[in-house]
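Engineer: What follows is a single structure, and I will ask about it in a moment.
Quick note: the coordinates plus some simple rules give every number you see, no bench work behind them. Owing to the predicted nature of the structure, the values given are computational and were not obtained by experimental measurement. Here the Cβ is made from the backbone with ideal geometry for all residues, glycine too, and neighbour counts use every protein chain on show.
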Amino acid sequence: MCSLVVFAGSAGSFMAARTVANQDADTSRGQFQTAAGQIAATLQLAIQHEEDLIYSAAGFVAGNPHPSMAAFKKWGDAVQALQRYPELLGLGQAVIVSRAHLAAYAAQVSPNKAFKVFPAGKRPYYCFQANGISRKGVSVWAKGVDLCAVGDGSTGRLGLAARDSGEAAYLPLPTATETLLVVLTPLYKNGATPTTVRARRAAFLGWVGTEVRP
């Protein structure tokens, strides 16, 4: 009988402990869900804040499809991009250049210097950063770097998918100390996104790319 009472007492203690543990777990889950929701909401607001700058850049490029570096920097200074967006490390305009137009593009962007494509090689098209602004100490892409061919090619694949879909592409950029976020937003003639893939490809001007510290 004594053994039965001890067992019953132990079972009761176990059930009580289990109930408390379940309550603690429910509380922890609730706190986690609340925190996750707050983080998601904050991140969404941050992305929307970045989109304001991207739309402004898109409007500038749509109205001036081939701006000079000086004009692009002047626009960046006018909108106070680096001052108003402390998380922004760099912002640039990238374009696609076909192999047939590569020589003309090289002569335009480097009239007095040799233009070397990296990685070297003949490809149907190349993706170059045409203009850009960045914070002091942040490296920028050299003029001849083919963004669609560097690394594992994921930037190029996501960029072309963004061109065809009309939606921005988000990709992580690991560094030695942290992981940054790159956003590629497609640009089209007249500032409007065409309704079909074929039309989007025909009206495509390039991308606005931002590099941010999330």
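Engineer: I need the phi-derived Karplus couplings for the range 62-69: 6.51 cos²θ - 1.76 cosθ + 1.60, θ = phi - 60°, integer Hz, Gly and Pro marked x.
Structural biologist: For the range 62-69, the Karplus-derived couplings read 4, x, 9, x, 10, x, 6, 4 Hz, x marking Gly and Pro.
Engineer: Counting Lys +1, Arg +1, Asp -1, Glu -1, what net charge surrounds Pro124 among other residues with beta carbon under 12 Å of its beta carbon?
Structural biologist: That sum, taken over residues with Cβ under 12 Å, equals +2.
Engineer: Want the number for Glu167 to Ala62: 0.36 nm per residue separation, take away the alpha-carbon distance, what's left?
Structural biologist: Between Glu167 and Ala62, full extension yields an extra 36.2 nm.
Engineer: Calculate, in nm to one decimal, what Arg201 and Phe115 gain on full extension: separation in residues at 0.36 nm each, minus their alpha carbon distance.
Structural biologist: The span from Arg201 to Phe115 would gain 28.3 nm if fully extended.
Engineer: Please report the equivalent ellipsoid semi-axes of the range 87-183, computed as sqrt(5 x eigenvalue) of the Cα gyration tensor, largest first, in whole Å.
Structural biologist: That gives 23, 17, 13 Å for the three semi-axes.
Engineer: For the range 47-121, report the translational diffusion coefficient in µm²/s to the nearest whole number, using Stokes-Einstein at 10 °C, 1.306 mPa s, and a Kirkwood Rh over Cα pairs.
Structural biologist: The estimated diffusion coefficient comes to 110 µm²/s.
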